[in-house]
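Trainee: Below is a structure I'd like to ask you about.
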Amino acid sequence: MDKDFKGVNLIKKLLSGGRVVNTSTDTDRVVAVNLTIAIKHCGYFALLPENLDLEAHLEMYPLTNFKFRQISDKIISYNDNGTFGSNFDIEGLIHILDLLNIIPARNKDLITEDGFVPINSTKIRNYLRDYECYLDYLIKTDILVPDNHYIVGEKSRGYKFAPAYENSRLVQYNYRRFISQQPQTVSELNQRFENNTLVNYSYLTHWYYHMQLAIDKEAAEDYALALMQKKFRLGYNSWDKNRDKWSNKRNDYCRKNPRTQYWAVMRNINHIDRGDYKAMIDTNIHRLHSVITNMQKDFRNFLSCDGQQLVSIDIKNSQPYLSCILFNPDFWDVNSTLYLRLNQLPDNIKNSIIFTPPSRGAVSILDSLTEFFNGLNGYEFDLFRNIVSAGRLYETIKEWIQEERGETIPRSDVKTIIFKLFFAPNRVDSNDDNHWLMVYFREKFPQVAEVFRVIKRQYRGLREEKQHGRLACLLQSIESEIILHRCCKRVWEENPQQVPIFTIHDSIATTVEHRNYVKRIMEEELTACIGIAPSLSEESWLISNLEEV
């Protein structure tokens, strides 16, 4: 039997409708596996509060008392402009409620302090044309609460469950109408995935499409509920910080509402349990995103691969380490022969760097970098390189400050400032309590800070509105090129279909038996690309790692 195909009887059992699949040949085996995956994928589901009985609610609050009308034997939406919409669809109502889980599960940066989830009206209209009628019903019958706040082009209106439902456990509701839409052939299945950006990368898709990744669903769901309750019990200071959102009012990062986190992680737990990993490569920074990358770190301890324990191998101070390639003038040279160079990155990343100024006298990024490097002796970056290669940038700065200033600074504060150097505009807020840390870093590593400043500078002739994001996009694209298309591809080519790998941006998770092999591949590829050796750490994914809740 093909090593890639395991559990023929299990596959047959999973197939719905009693359909019999002949698994006597390699082709048939692939068909069986793919159809099994498709069947699990096409089973749409929603997560609703356990104490929300929609049928009883609809009886208590008849639709015709709101923006719906009885026409013959049908209930039809009735818009404010006096026109009729479409037939009432209870699953449309359920879909709107499910967006409170779907949206933060896809983008954890949208988890706010107040617990409201932004719902984009343009996107929801593609699914439910008369969505306003449904929202009106849900709000007026006290299922949802709106924040009534939106900014055109910036912020959509937010919604959350009303107090009667917000603390309830979530339970799964399976959509009925999609059951008959299961693909019957490999051709039909491929059409489902034809728009997925992973389709051409077998070395990335294999372990997702073959459903090797599993989760202890019951234990994960129980932990999710208990963790939410614990954070509310301990209070605001126990809430997770959102490292992408800063509060000037409190001079600290905004926090993530534990309730919204619970909704999001429950969605991802259920996706994994159904074998629907939502794996795709984005077209901006070219990272691979999946339910694993989107879920809270704690919940990876509930994962396993084909019944085996997983281990994550991470790059220590990864973004500072990866930035060391930027200090090599040859990286930027269009005729370079380096193992990894700018010309090998995706077009949108490359074109944000290589451009011709539209007006006489204007300078380009490459012009500025060339002029800067020409004034150096070549050893100015050595100290920074040595520290990040050892994986000790944050610890070293913390120790320096203790020795030189007699101050004890949390490692997290140092890391925050370093991230601001990478991701924030060149102009910093002098009112920030940690502004002096930014100045301190620039004094210790002036050439490093200058390279970052040149890349993030606002250049005339470029249409990018937030050009300071160029550095972050460049580094994340470099990370993706190395981790996805160098490390993972090499593992696949050397040991096809033998070594499970799942990426979480700058790290790779694999089974215990393959940890040393994967770690060696990462060390060799990263050293060849960046020019200095990385410092890697390992973390076993075990339920015993979790704190009691």
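Trainee: Name the residue that is nearest to the chain's Cα centre (by Cα), counting only residues in region 90-106 that are buried (at least 22 other Cβ atoms within 10 Å of the Cβ) and farther than 26 Å from F68 by Cβ.
Mentor: A105
Trainee: Here is a further query. Do we find that R243 is surrounded by fewer than 17 Cβ atoms within 10 Å (Cβ to Cβ) and within 19 Å of I103 (Cα to Cα) in this structure?
Mentor: Values: surrounded by fewer than 17 Cβ atoms within 10 Å (Cβ to Cβ): yes; within 19 Å of I103 (Cα to Cα): yes.
The answer is yes for R243.
Trainee: For the condition among the acidic types (D, E), within 30 Å of K350 (Cβ to Cβ) and either assigned to a helix (DSSP H, G or I) or not assigned by TED's automatic domain parsing to the domain that holds L345 (or both), what is the one hit in E547, E538, E523? Talk me through it step by step, then tell me what you get.
Mentor: On the way: E547 fails: within 30 Å of K350 (Cβ to Cβ); E538 fails: within 30 Å of K350 (Cβ to Cβ).
Every option except E523 fails the conditions.
Trainee: Ok, one more. Residue by residue through region 527-547, note down the ones that are surrounded by 13 or more Cβ atoms within 10 Å (Cβ to Cβ) and over 23 Å from the mean Cα position of the chain (by Cα).
Mentor: T527, A528, C529, I530, G531, I532, A533, P534, S535, listed by residue number.
Trainee: Go through E513, E443, E465 for me and flag whichever is not assigned by TED's automatic domain parsing to the domain that holds N351 and not small (G, A, S).
Mentor: Numbers: E443 fails: not assigned by TED's automatic domain parsing to the domain that holds N351; E465 fails: not assigned by TED's automatic domain parsing to the domain that holds N351.
Selected residue: E513, the only one of E513, E443, E465 that is not assigned by TED's automatic domain parsing to the domain that holds N351 and not small (G, A, S).
Trainee: Name every residue in region 83-105 that is under 30 Å from H289 (Cα atoms) and out of contact with any helix residue (DSSP H, G or I) (no Cβ under 9 Å at 6 or more places or on another chain), in order of residue number. Let's see the steps before the verdict.
Mentor: Step one: list which residues in region 83-105 are under 30 Å from H289 (Cα atoms), which gives 91-105.
Across region 83-105, the qualifying residue is only E91.
Trainee: Go through (1) without any contact (Cβ under 8 Å) to a residue 12 or more places away in the chain; (2) among the acidic types (D, E); (3) in contact with a strand residue (DSSP E or B) (Cβ under 8 Å, 6 or more places away or on another chain) and name the single condition D333 misses.
Mentor: Here D333 clears every test but (3).
Trainee: Going through region 505-526 one residue at a time, which ones are farther than 30 Å from S336 by Cα and either in contact (Cβ under 8 Å) with a residue 12 or more places away in the chain or surrounded by 15 or more Cβ atoms within 10 Å (Cβ to Cβ) (or both)? Steps first, please.
Mentor: At the first step, the residues of region 505-526 found to be farther than 30 Å from S336 by Cα are 509-517.
Residues satisfying the conditions are A509, T510, T511, V512, E513, H514, R515, Y517.
Trainee: Further, regarding this structure: In region 381-413, what residues are crowded, with 17+ Cβ neighbours inside 10 Å and touching a residue at least 40 places away in the same chain (Cβ under 8 Å)? If you could, list the steps in order and put the result at the bottom.
Mentor: Step one: list which residues in region 381-413 are crowded, with 17+ Cβ neighbours inside 10 Å, which gives 381, 384-385, 387-391, 393-394, 396-398, 401, 409.
F381, F384, R385, V388, S389, A390, G391, L393, Y394, I397, listed by residue number.
Trainee: While we're on this one: Exactly one condition in (1) modelled with pLDDT of 95 or more; (2) over 18 Å from S507 (Cβ atoms); (3) in contact with a Phe, Trp or Tyr (Cβ under 9 Å, 6 or more places away or on another chain); (4) among the hydroxyl-bearing types (S, T, Y) is not met by Y262; state its number.
Mentor: The single condition Y262 does not satisfy is (3).
Trainee: Looking at region 457-464, can you tell me whether even one residue there is touching a residue at least 60 places away in the same chain (Cβ under 8 Å), part of a loop (DSSP other than H, G, I, E, B), among the aromatic types (F, W, Y) and within 23 Å of S323 (Cβ to Cβ)?
Mentor: As a first pass, look at region 457-464 and keep what is touching a residue at least 60 places away in the same chain (Cβ under 8 Å): 457, 459-462, 464.
Narrowing further to those that are part of a loop (DSSP other than H, G, I, E, B): 457, 459-462, 464.
With the extra rule that they be among the aromatic types (F, W, Y), the set shrinks to 459.
Right, trim to within 23 Å of S323 (Cβ to Cβ) and you get 459.
Checked against the condition, which is being touching a residue at least 60 places away in the same chain (Cβ under 8 Å), part of a loop (DSSP other than H, G, I, E, B), among the aromatic types (F, W, Y) and within 23 Å of S323 (Cβ to Cβ), region 457-464 yields at least one hit.
Trainee: Okay, next question. I need every pair where a residue in region 190-219 that is at positive phi and of a type outside the set (S, T, N, Q) has its Cβ under 9 Å from the Cβ of a residue that is modelled with pLDDT under 85 and part of a helix (DSSP H, G or I), sequence separation at least 6 or different chains.
Mentor: As it stands, the answer is M211/V33; M211/T36; M211/I37; M211/K40, since those pairs meet every condition given.
Trainee: Where in region 202-314 are the strands (runs of 3 or more DSSP E), entirely inside, with at least 1 residues that are farther than 23 Å from K415 by Cα? Talk me through it step by step, then tell me what you get.
Mentor: Working: elements: 213-215, 241-247, 252-255, 303-305.
Once the strands (runs of 3 or more DSSP E) in region 202-314 are filtered for at least 1 residues that are farther than 23 Å from K415 by Cα, what remains is 213-215, 303-305.
Trainee: Something else about it: Say whether the condition of being surrounded by fewer than 21 Cβ atoms within 10 Å (Cβ to Cβ) and touching a Cys at 6+ places or on another chain (Cβ under 9 Å) is met by at least one residue in region 107-114.
Mentor: yes
Trainee: Among all residue pairs at least 6 apart or on different chains, which show Cβ distances below 7 Å where the first residue, located in region 81-106, is among the small types (G, A, S) and the second is surrounded by fewer than 16 Cβ atoms within 10 Å (Cβ to Cβ) and modelled with pLDDT under 90?
Mentor: The qualifying pairs are G85/N79; G85/R129; S86/R129.
Trainee: If a residue must be in contact with a Leu (Cβ under 7 Å, 6 or more places away or on another chain), part of a helix (DSSP H, G or I) and more than 18 Å from L342 (Cβ to Cβ), how many such residues does region 470-503 contain?
Mentor: 1
Trainee: Evaluate the following for R341: is it within 30 Å of the chain's Cα centre (by Cα), surrounded by 15 or more Cβ atoms within 10 Å (Cβ to Cβ), more than 22 Å from C473 (Cβ to Cβ) and not small (G, A, S)? Full working, then the answer.
Mentor: Details: within 30 Å of the chain's Cα centre (by Cα): yes; surrounded by 15 or more Cβ atoms within 10 Å (Cβ to Cβ): yes; more than 22 Å from C473 (Cβ to Cβ): no; not small (G, A, S): yes.
It is false that R341 is within 30 Å of the chain's Cα centre (by Cα), surrounded by 15 or more Cβ atoms within 10 Å (Cβ to Cβ), more than 22 Å from C473 (Cβ to Cβ) and not small (G, A, S).
Trainee: Still on this structure, I have one more. Do the conditions hold for C473, that is, is it under 22 Å from P320 (Cα atoms) and touching a strand residue (DSSP E or B) at 6+ places or on another chain (Cβ under 9 Å)?
Mentor: Working: under 22 Å from P320 (Cα atoms): yes; touching a strand residue (DSSP E or B) at 6+ places or on another chain (Cβ under 9 Å): no.
Against the criterion (under 22 Å from P320 (Cα atoms) and touching a strand residue (DSSP E or B) at 6+ places or on another chain (Cβ under 9 Å)), C473 does not qualify.
The values are calculated or read from the model by the stated rules, or taken from the named source; none is laboratory data. All of these numbers come straight from a predicted model, not from anything done at the bench. We place every Cβ from the backbone using ideal geometry, glycine too, and count neighbours over all the protein chains shown.
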